[in-house]
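The values are calculated or read from the model by the stated rules, or taken from the named source; none is laboratory data. None of these values were measured; they are calculated from a predicted model. Positions of Cβ are generated from backbone atoms using ideal geometry, with glycine treated the same way; all protein chains shown enter the neighbour counts.
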Amino acid sequence: MTTVAVIFGASGGIGSAMRTHLESHGGYDRVLALHRKSTPPLDLLDEGKIQACAEEVRKAGGELRLLFDATGALTLGTARPEKSLRELDPEVLARSFAINAIGPALLMKHFLPLLPKEGRSVFATLSARVGSIGDNGLGGWYAYRAAKAALNQLVRTASIEVARKNPEAICVALHPGTVRTPLTESFTKTGLDVQEPVVAAERLVDVLTSLKPADTGGFFDQRGKPIPW
Ligand SMILES: NC(=O)c1ccc[n+]([C@@H]2O[C@H](COP(=O)([O-])OP(=O)(O)OC[C@H]3O[C@@H](n4cnc5c(N)ncnc54)[C@H](OP(=O)(O)O)[C@@H]3O)[C@@H](O)[C@H]2O)c1
């Protein structure tokens, strides 16, 4: 049977590097790249489009063995991440939740039922270390941090439901490290360990390959090390 990997947000810095890496080294027969300009288009703010993408993937057939979500947003329009409570804007908070938490939750709603009922399969979504509550020693970035923390809880909850149907299915949140992409271009100050997307993709694929069913529901960095919630 043909094995299939799907990348959501394949137009982004990490998503496009993942696409290239999985097409040449992933071991999947087919890699489907979905993004806002793909056919069909994937827009996280439009559940109808997410559902239509899931239907196309189902109709295309094959065994879905990897769902990799590389969507997300840090700067929303002109709104930069907040440094202080004074800067909180309810619309920006809601938009960050819509893109960073609710969108991936809808991907899980429509795509996780397509995973095979038997054998190993992986759903991974790119969260961020700054979404860790235990690791938050710096403050700031309220909307992004809170939305990623919500994403982590959504993944954990879905992993429990999915394991009841297939104990070999794995659902995780991953931190990719700091990666040179449009998302980080205003934030990569000197001294930071910034990886090129191609390096991040190699590391993330290594993590995906090493994950075991017992890891489901977890939150891991780009070297496979667990991150505190
Ligand atoms: N880069 C880092 O250092 C870093 C660190 C920690 C976590 N992350 C996480 O890694 C993920 C990928 O980041 P990146 O650095 O690759 O960012 P990026 O280059 O800005 O890519 C973001 C992706 O999300 C997509 N997207 C945004 N809004 C969307 C929407 N409404 N519907 C569908 N797709 C949408 C973008 O699509 P368009 O191309 O259509 O805009 C793009 O494909 C994000 O979740 C980010 O939080 C990144």
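Numbers at a glance
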{"item": "Residue within region 206-215 that is modelled with pLDDT under 95, hydrophobic (A, V, I, L, M, F, W, C) and under 20 Å from GLY12 (Cα atoms) present", "result": "no"}
{"item": "Scan of region 65-108 for residues that are within 13 Å of the ligand (Cβ to nearest atom), within 28 Å of ARG203 (Cβ to Cβ) and in a loop (DSSP other than H, G, I, E, B), ordered by number", "result": "ALA70, THR71, GLY72, ALA73, LEU74, THR75, PRO81"}
{"item": "Filtered residues of region 42-55 (kept if surrounded by 14 or more Cβ atoms within 10 Å (Cβ to Cβ) and more than 17 Å from ILE102 (Cβ to Cβ))", "result": "ALA52"}
{"item": "Any hit, region 173-193, residues being among the basic types (Lys, Arg) and in a helix (DSSP H, G or I)", "result": "no"}
{"item": "Filter result (closer than 13 Å to SER16 by Cα and either in contact with a Phe, Trp or Tyr (Cβ under 9 Å, 6 or more places away or on another chain) or within 10 Å of the ligand (Cβ to nearest atom) (or both)) within region 167-200", "result": "VAL179, ARG180, THR181, PRO182, PRO197, ALA200"}
{"item": "Top-ranked residue of region 134-166 - restricted to ones that are assigned to a loop (DSSP other than H, G, I, E, B) and on the phi < 0 side of the Ramachandran plot, ranked as nearest to the ligand (Cβ to nearest atom)", "result": "ASP135"}
{"item": "Single residue of region 194-214 satisfying the filter (hydrophobic (A, V, I, L, M, F, W, C) and not in a helix (DSSP H, G or I)) that is farthest from ALA158 (Cα to Cα)", "result": "VAL194"}
{"item": "Subset of region 41-52 [near the ligand (Cβ under 10 Å from one of its atoms) and assigned to a helix (DSSP H, G or I)]", "result": "LYS49, ILE50"}
{"item": "Lone qualifier among ASP215, ASP206 - being out of contact with any Phe, Trp or Tyr (no Cβ under 9 Å at 6 or more places or on another chain), loosely packed, with under 15 Cβ neighbours inside 10 Å and under 26 Å from ARG65 (Cα atoms)", "result": "ASP206"}
{"item": "VAL130 being part of a helix (DSSP H, G or I) and either within 18 Å of the chain's Cα centre (by Cα) or within 23 Å of THR188 (Cβ to Cβ) (or both)", "result": "yes"}
{"item": "Residue identified as near the ligand (Cβ under 10 Å from one of its atoms), more than 13 Å from HIS110 (Cα to Cα) and either among the acidic types (Asp, Glu) or touching a His at 6+ places or on another chain (Cβ under 7 Å) (or both) among SER11, SER38", "result": "SER11"}
